[in-house]
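What follows is calculated from the coordinates using simple rules that are stated; it is not laboratory data. Predicted model only: the values in this text are computed from it and were never measured. Cβ: placed from backbone, ideal geometry, glycine included. Neighbour counts: every protein chain shown.
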Amino acid sequence: MKKWSFILCVIACPLLSWGQSFSYPTPPNTILDRQGRINYMVEHFWNEQTIADTACFQGPKLLLDYLYLLKQTNNGGKYAQDFISLSCKQENTFGLILYWLDNILYDSSSPHYDEALYMKILDAVITSDADSVMKLVPQQRKDIISKNQVGSKANNFSFIDKAGNESDLYGTDASLLLLIFNNPDCSLCHRAEESIAKDEALQAMINEGKLKILAITPDAEFNDWMEHVYPSNWQVGYDNRKAIFDQRLYDIQQLPCIYLLDKDKRVLLKEANYERFSKYLSGELAE
């Protein structure tokens, strides 16, 4: 359970203070419904004084609180634009704000990773009055995030197997395909291999033909890849053309990087580690 209980208290109780300059907005008593109170808090969360205060952004706490509320509104895009419109005018804090938003929403290892919300933030920055230099990284982020979005078809690529045979992603038939980008020298990749081997539900799906694992090494020494012993029920490949990284076909932030694809190679889950994939799969199986 995420530690957001204090936020729920704020919705109904007197305002709380953070540091010396920030006070959480308190909805008026005339707003009785929960959604209305959350919308009020999001709309009144920031003002020019708080956004200009560098003390508010020495850590991610306030932004985490704000994003938690923002996710519960029915007009997140507008509120994100309002927030960025205020923020981009503050030279002392705008860079800090973008830094924390990047770490919170874009870093695939973050427990608050949220590509859809991050895209709204990026759009707000790109269309804002911010200096063009401050828009360079957000534009680059948007370009790469736009690839392989959930619900869209994954980018195809070719690879060779250990016998030297060439194939491609779209030629890999599977009802569900667990695509794992890995490296034979990566300790976290080895740990993921062990976790998958011990996952009885996952192994049952593989044995029943409901799921196939395709492990692709996009950037490693060929001999190291050849020597690494993968689980026998995995299909493995090597990106001998280096297209995945060179053409930025996928946004691989860290290894292992997991994508889950359906039979038509549409993305169901992206940029996941084993833990996030396992939680996703458990939820799907429970439905």
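Structure values in brief
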| item | result |
| --- | --- |
| Convex hull of the range 158-286 built on C-alpha atoms - directionally averaged projected area, nm² | 7.4 |
| FRET E, pair Thr127, Leu188, Förster distance 51 Å, beta-carbon r, rounded to 0.05 | 0.85 |
| Relative contact order computed over the range 158-286 (Cα-Cα under 8 Å; 6+ residues apart), in percent | 32 |
| DSSP bridge pairs, the chain: antiparallel proportion in percent, nearest 5 | 60 |
| Positive dipole terminus of the chain, leading residue within Ala243, Ala55, Asn75 (C-beta point charges) | Asn75 |
| Ranked by how many other beta carbons lie within 10 Å on average, peptides 237-249, 267-279 from highest | 267-279, 237-249 |
| For the range 67-112, average projected area of the Cα convex hull in nm² | 3.4 |
| Answer label for Rg and Dmax of the Cα atoms in Å (calculated), chosen among (i) 40.4, 125; (ii) 22.2, 71; (iii) 20.9, 63 | (ii) |
| Cβ-based charge dipole, the chain, positive-most Cα from Met134, Pro25, Ala154 | Pro25 |
| Cα centre as origin, Lys/Arg/Asp/Glu Cβ charges: the range 5-145 dipole, Debye | 280 |
| Pairwise label distance in nanometres, Asp264 with Ser167, each label 7 Å out on the Cα-Cβ vector | 2.3 |
| Over the chain: helical MRE at 222 nm, DSSP H runs n ≥ 4 each giving -39500 (n - 2.57), nearest 500 | -11500 deg cm²/dmol |
| Net dipole in debye of the range 158-286 [+1 Lys, Arg Cβ; -1 Asp, Glu Cβ; about Cα centre; nearest 20] | 360 |
| Given charges at beta-carbon only (K, R positive; D, E negative), |dipole| of the chain in Debye | 740 |
| Paired Rg and Dmax values of the range 5-145, which use every Cα atom, in angstrom | 14.9, 45 |
| Nitroxide proxy distance, nm - points 7 Å out along Cα→Cβ at Lys279 and Asn29 | 3.9 |
| Computed FRET value (nearest 0.05) for Asn103 with Ala197, which takes r as the C-beta separation and R₀ as 30 Å | 0.40 |
